[in-house]
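Enquirer: Have a look at the structure that comes next, please.
Just so it is clear, none of the values below were taken in a lab; they were calculated from the coordinates. The structure presented is a predicted model; accordingly, all values stated were derived computationally and were not measured. Please note: Cβ atoms are built from the backbone with ideal geometry, for glycine as well, and neighbour counts cover all protein chains shown.
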């Protein structure tokens, strides 16, 4: 019921109040140390990817091969060691963050927008609409994601965006199901009925009441799925659907090091750590954001 | 066809037959023949001589890929062929140096360049207890003419005539010197007419319960998990030392080697270049290696853009540092390929030398062809290993002034794109396990193979003529020289840059005896045992 | 309720037709010539043509699909293009292996996730909460092939406690189930936590507490039950995913499951085998989704009212 009040207030009050709410969320977020740590790491990662060229020259370091120093462990000259071609792993990680971060974010956005919309509509309207959409989701769920990816990439041509699309589309069903489930629990709450009583139409109700109130599971799902998206590029690059060599990308680095897992574990360890750190930061921030967005937490 | 050469050719092949006939004669003494006999026979005496003495020798192997077929005439992959080798026999088999040895044939002679007279070994039993006769051989050969995979070669068999239970005559449509090699292939394993006919009677398929004449009979196959065979007590040759063999599918090479180290398996097949080091590092294990009959190459599209110019192709050949590829991709376990066919194949030209790495020469050739300002080429590849090779080649050729763009494809997409000629360059390998040099030439370089395996799109009249001449020449010595000449000519044409000959590898427990490793003709595990 | 279930099961038929149709056409459009793929590496044109005829691949796709569906209707899923083995037998052989592994994996995941999730929610921002969340995250961000091989190196090679792979006795389930379970645990943990957090601030929890109901009972009887819907959804999804096979984990542990089978079939364009796998997946997913939806009704009576 409190949520209804706040959302109602936002609708009526317009821009001024909206800014006020953002400030309120930020103030609450700032109190959460873990979330701030996550935010700091993310900002750092984004800065690193923006200034990658300043840190390491692409032609002279990132793709420069020297097979005489291949597969070396961490040292003063190469902080994280060298890969199977003698390339500097740190430099490749730094440049790889560009592709990997954007793959993670964009692929997840694609599946969130499509899956979220389908799930929200299905859950809200119920009945025949629900049945139709969810059976379509069942069909999509049953098409193996590998087959979907091969087809999308080969039909649209190999490019980074099509790769993101392939990864994004294959997780549409899980978003649809999760959003639908949340909507089911929310849609019979009193504030929805209240909104309906004051004459809000379905679209308004979904956008201003239903979606904001089922953010929690969505944020959880999103912040985790970024990890799976980055990891699935490693599977796809193994099949030849990934980013073109020699462009560095975390997933490809991970799968490239697989053959050397026993003899030169640093090839997989560092890209793995990079993914873990990113995901950790993203999730800490996600948790904080979830709490900050929760109107019931307001003290 | 080339009738004029017939007399000389006949004389030569008859001479060869006499030498080979010796193998047949020696075999009737009861050995299973060839290199196997020495190893098998020797160990058996040590172990006590009788089959009962080693009855509990249960052997477990591990390989990376599952079998596809157990019907010989359907089989085209090396993993299935490894199993077939234990279940079946052929009329002939290949020795370690690709010489023809007798298997189910006891002796043969070549009556004229189209007619082969074959006498079969007597008393050979199929696993169901029935005896193998000439009718089974005739049935098998005629079946091969019907099956998709074997008909390419079997179509040269004109007729098979039965002269008696153990005596038959094969007539070919054309002079076909590859016939005996073809008949030595695992896909020409002799099947039982009665069993196959019964199995296929009601639209069924034969291969679910394979019945052969080999030293082992089939027990079970669980797809993607394992297959098991057990000793066939009525085998006509030496009783195998192993009583039962199970081969597990362990796809990941590192997991396969770990299973070998923990003793879960006795032999790890195809361990690969990277994991070979872990086998060597463990004193309980032994690494077996040998040059495989395959060649890996960088194919150049001779009908597209700049690469249509022979000088540009040679520039690429000068620009690629093959030794660096061997050292990096194969961890040094292999050799730079000097020629266009595997070095274990008869007719391989040992005196040919690969283009050396010469950046200046490459630049000069490019400038001469009008590409002094640089050139952009697209390289099509599939798979992890070729992706690595491609990245090395990309870096190497950039020093010559060629900008290489790597396009990685999933396998189906790659074959389609390359057959359609959309590529400038591609990396692939060609394994010739037939032992006959023609299989390394006609499918790859004859203009009639454009659209199937001639993906460099090379169409050269002189080359075509040389290939056909060699293919149908019945004089073995002259034929081998003709193949060497073809390779020399190919080097000039440069439709490929041959990259490397890789090593076949297998790891085994150090105390395991009797594992017969052969990179050229395939491994045999039938005599594996421990001396305890 | 039973009417609802029957209705859902009938809905499976159009879904199956949709799926097979979609996959058949995707496969026929996807790159690579089927006959060439069956013929294998280095096959000659003549061989490829012979195979095209033998398998009827020279017919229009719609005719091929029609023939497939006609046979399917009579209970014949056909034979694999690649191995000529009966599709139904092959899948029926692989599916139980995957199902058994999926069961133990989801059990591992739930056993890790529910306690951590609940404790984290009840002691928000405590040390336990932070450590638990980080640990759960490590599970999802660690590549399965990396974790799997590290487990093999530790427990098989160094310690010699467990078999390195294959499906042989209960010991062989441990490492693959841990590898898969830890990956899935993260999402369930976080879903449990956030859902619990949502619920513990509801009025009825406050009411329960005010009435003097002991905290443990509040969590178990009131909070948990109401927090379960999104959690059950996620568990259902994860379990469905596991039943589809986990290719990488199966590869590392030499597990003869449907994941490897399906990926190999897709790569080699083995249409009957892919379709067989997809039909199996569809039925599995639909049944699991149905079970999850039925579970909703048991958990939340308000939803039950909608199932008519």
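Enquirer: What's the FRET efficiency of residue B:510 with residue B:209 using the Cβ-Cβ distance as r and R₀ = 30 Å, to the nearest 0.05?
Expert: Computed FRET efficiency for residue B:510 and residue B:209 comes out at 0.25.
Enquirer: Sticking with this structure for a sec: Per the helix-only calculation at 222 nm, which mean residue ellipticity applies to chain C, given -39500 (n - 2.57) for every DSSP H run of n ≥ 4 and division by its residues, nearest 500 deg cm²/dmol?
Expert: -24000 deg cm²/dmol
Enquirer: While we're here: List, largest first, the extents of the alpha carbons of chain A along their principal axes, each in whole Å.
Expert: Over chain A, Cα extents along the principal axes are 75, 45, 30 Å.
Enquirer: Moving on to the next point. Suppose R0 equals 25 Å. What FRET efficiency, 1/(1 + (r/R0)^6) with r the Cβ-Cβ distance, do residue A:66 and residue B:403 give to the nearest 0.05?
Expert: 0.80
Enquirer: I'd like the Kirkwood hydrodynamic radius of region C:153-267, using the inverse of the mean 1/r over distinct C-alpha pairs, in Å. Display every interim value, and only then the final one.
Expert: On the way: mean 1/r = 0.0587 Å⁻¹.
17.0 Å is the Kirkwood radius here.
Enquirer: Over all directions, average the projected area of the Cα convex hull of region B:367-444 and note it in nm².
Expert: Here the figure is 6.8 nm², rounded to one decimal.
Enquirer: Hey, another quick one. Can you give the translational diffusion coefficient of region A:203-268 in µm²/s, computed by Stokes-Einstein from the Kirkwood radius over Cα pairs at 10 °C and 1.306 mPa s? Kindly include the intermediate steps, with their values, before the conclusion.
Expert: Details: Rh = 14.3 Å.
My calculation gives 111 µm²/s for D.
Enquirer: In addition: Between C:60, C:256, C:176, find the one with the highest GNM mean-square fluctuation for chain C; connect C-alpha pairs within less than 10 Å.
Expert: Judging by the Gaussian network model, the answer is C:60.
Enquirer: Over the C-alpha atoms of region B:400-445, what are the Rg and the largest Cα-to-Cα span, Dmax, in Å?
Expert: 13.9, 40
Enquirer: According to a simple spin-label model (label point 7 Å from Cα along Cα-to-Cβ), what is the distance in nm between residue B:384 and residue C:46?
Expert: Each label point is offset 7 Å from its Cα along the Cβ direction, giving 3.8 nm.
Enquirer: A further question on this structure: What fraction, in whole percent, of alpha-carbon pairs in region A:55-123 exceed 14 Å separation?
Expert: So the portion of pairs separated by more than 14 Å is 66 percent.
Enquirer: Take every Cα-Cα distance within region B:294-502, group them into 10 Å bins from 0 onward, and report for each bin the whole-number percent of pairs it holds.
Expert: 9, 37, 38, 15, 1, 0
Enquirer: Measure off 7 Å from each Cα along the Cα-to-Cβ vector at residue B:376 and residue B:97, then give the distance between these two points in nanometres to one decimal.
Expert: Result: 5.4 nm between the two label points.
Enquirer: Kindly provide the Kirkwood hydrodynamic radius of region B:246-364 in Å, to one decimal, from all pairs of distinct alpha carbon atoms. Spell out each step's value before the answer.
Expert: On the way: mean 1/r = 0.0581 Å⁻¹.
Roughly 17.2 Å, rounded to one decimal.
Enquirer: Within 10 Å of each Cβ of C:91-98, how many other protein chain Cβ atoms are there on average?
Expert: Whole-number average of other-chain Cβ neighbours for C:91-98 is 1.
Enquirer: While we're on this one: If a paramagnetic tag sat 7 Å from the Cα of residue B:220 along the Cα-Cβ line, which residues of region C:153-168 would have the backbone N under 16 Å from that point?
Expert: Of the residues in region C:153-168, C:166-168 have backbone N under 16 Å from the label point off residue B:220.
Enquirer: Project the alpha carbons of region C:196-251 onto their principal axes and report the range along each, largest first, in whole Å.
Expert: 55, 17, 13
Enquirer: Moving to a separate point now. Just rank A:171, C:164, fewest to most, by other beta-carbon atoms within 10 angstrom.
Expert: A:171, C:164
Enquirer: Oh, and also: Would you please calculate the Kirkwood hydrodynamic radius of the protein assembly as shown over all C-alpha pairs and express it in Å, rounded to one decimal?
Expert: 32.4 Å
Enquirer: Now for a different question. How big is D for region C:106-146, in µm² s⁻¹ as a whole number, if Stokes-Einstein is applied with the Kirkwood radius of its Cα pairs at 4 °C and 1.567 mPa s?
Expert: Approximately 120 µm²/s, per Stokes-Einstein.
Enquirer: For region A:150-190 and region B:479-532, what is the separation of their C-alpha centers, rounded to whole Å?
Expert: Result: 49 Å between the Cα centres.
Enquirer: How would you rank C:201, B:333, going from fewest to most other Cβ atoms within 10 Å of each one's own Cβ?
Expert: Details: C:201 15, B:333 20.
Fewest-to-most Cβ neighbours within 10 Å comes out as C:201, B:333.
Enquirer: Also, I was wondering about something else. Where does chain B land at 222 nm, in deg cm²/dmol rounded to the nearest 500, when only DSSP H runs of n ≥ 4 count, each adding -39500 (n - 2.57), divided by all residues?
Expert: Per the formula, -10000 deg cm²/dmol.
Enquirer: Provide a whole-number value for the mean count of partner chain Cβ atoms within 10 Å of the Cβ atoms in peptide A:259-270.
Expert: That average works out to 5.
Enquirer: Take residue B:171 and residue A:215, extend 7 Å from each Cα along the Cα→Cβ direction, and tell me the distance between the two endpoints in nm.
Expert: 8.9 nm
Enquirer: Something else: Quick one: in region A:127-175, what % of C-alpha pairs are over 11 Å apart?
Expert: Working: 788 of 1176 pairs.
Everything past 11 Å amounts to 67 percent.
Enquirer: For helix A:160-170, report the angle its Cα long axis makes with the longest principal axis of the Cα atoms of chain A; keep it between 0 and 90° and round to the nearest 10°.
Expert: Helix A:160-170 and the main axis of chain A meet at about 50 degrees.
Enquirer: List the extent of the Cα atoms of chain B along each of their three principal axes, largest first, rounded to whole Å.
Expert: 74, 62, 45
Enquirer: What is the mean number of Cβ atoms from other protein chains located within 10 Å of the Cβ atom of each residue in peptide C:21-31, rounded to a whole number? Provide the component values of the computation, followed by the final result.
Expert: Numbers: counts 1, 6, 7, 0, 1, 8, 3, 0, 3, 11, 14.
Going residue by residue through C:21-31 and averaging, the value is 5.
Enquirer: For region C:17-73, what does the convex hull of the Cα positions come to per residue, in cubic angstrom?
Expert: Normalising the Cα hull of region C:17-73 by residue number yields 81 Å³.
Enquirer: Could you state the angle between the C-alpha long axis of helix A:266-293 and the longest principal axis of the C-alpha atoms of chain A, as a value from 0 to 90 degrees rounded to the nearest 10?
Expert: Rounded to the nearest ten degrees, it is 20.
Enquirer: When the chain is fully extended, how far beyond the present Cα-Cα distance does residue B:323 get from residue B:358, taking 0.36 nm per residue of separation? The partial results should precede the final answer.
Expert: Values: separation 35, 0.36 × 35 = 12.60 nm, distance 1.27 nm.
Net length gain for the segment: 11.3 nm.
Enquirer: Using the alpha-carbon centroid of each, what span in Å lies between region A:58-121 and region B:58-97?
Expert: For region A:58-121 versus region B:58-97, the Cα centre distance is 42 Å.
Enquirer: Helix C:258-267 versus the longest principal axis of chain C: what is the Cα-based angle in degrees, 0 to 90, to the nearest 10?
Expert: So the inclination is approximately 40 degrees.
Enquirer: To continue, here is another question. Divide by every residue of chain A the summed helix terms, -39500 (n - 2.57) for each DSSP H run of at least 4, and state the resulting mean residue ellipticity at 222 nm, rounded to the nearest 500 deg cm²/dmol.
Expert: Details: 13 runs with 210 residues, N = 299.
After summing the helix terms and dividing by the residues of chain A, the value is -23500 deg cm²/dmol.
Enquirer: From a point 7 Å beyond the Cα of residue B:65 in the direction of its Cβ, which residues of region B:278-294 have a backbone N at a distance under 19 Å?
Expert: B:290-294
Enquirer: Please give the contour-minus-distance gain from residue B:194 to residue B:350: 0.36 nm per residue of separation, less the Cα-Cα distance, rounded to one decimal in nm.
Expert: Full-extension gain reported as 51.4 nm.
Enquirer: Follow-up. At 0.36 nm per residue, minus the direct Cα-Cα distance, what do residue B:477 and residue B:130 gain on full extension? Give it in nm, one decimal, please.
Expert: Result for the pair: 120.8 nm of gain on full extension.
Enquirer: Show me the three semi-axes of the equivalent ellipsoid for chain C, from the C-alpha gyration tensor (sqrt of 5 times each eigenvalue), largest first, rounded to whole Å.
Expert: In descending order, the three semi-axes are 44, 27, 14 Å.
Enquirer: Which order, highest average first, do C:90-98, A:66-74, A:270-278 follow once you tally other Cβ atoms within 10 Å for each residue and take the mean per peptide?
Expert: A:270-278, C:90-98, A:66-74
Enquirer: State, as an integer percentage, the relative contact order of chain C based on alpha-carbon contacts under 8 Å between residues 6 or more apart.
Expert: On the way: 352 pairs, mean separation 80.9, N = 308.
This gives 26 percent for chain C.
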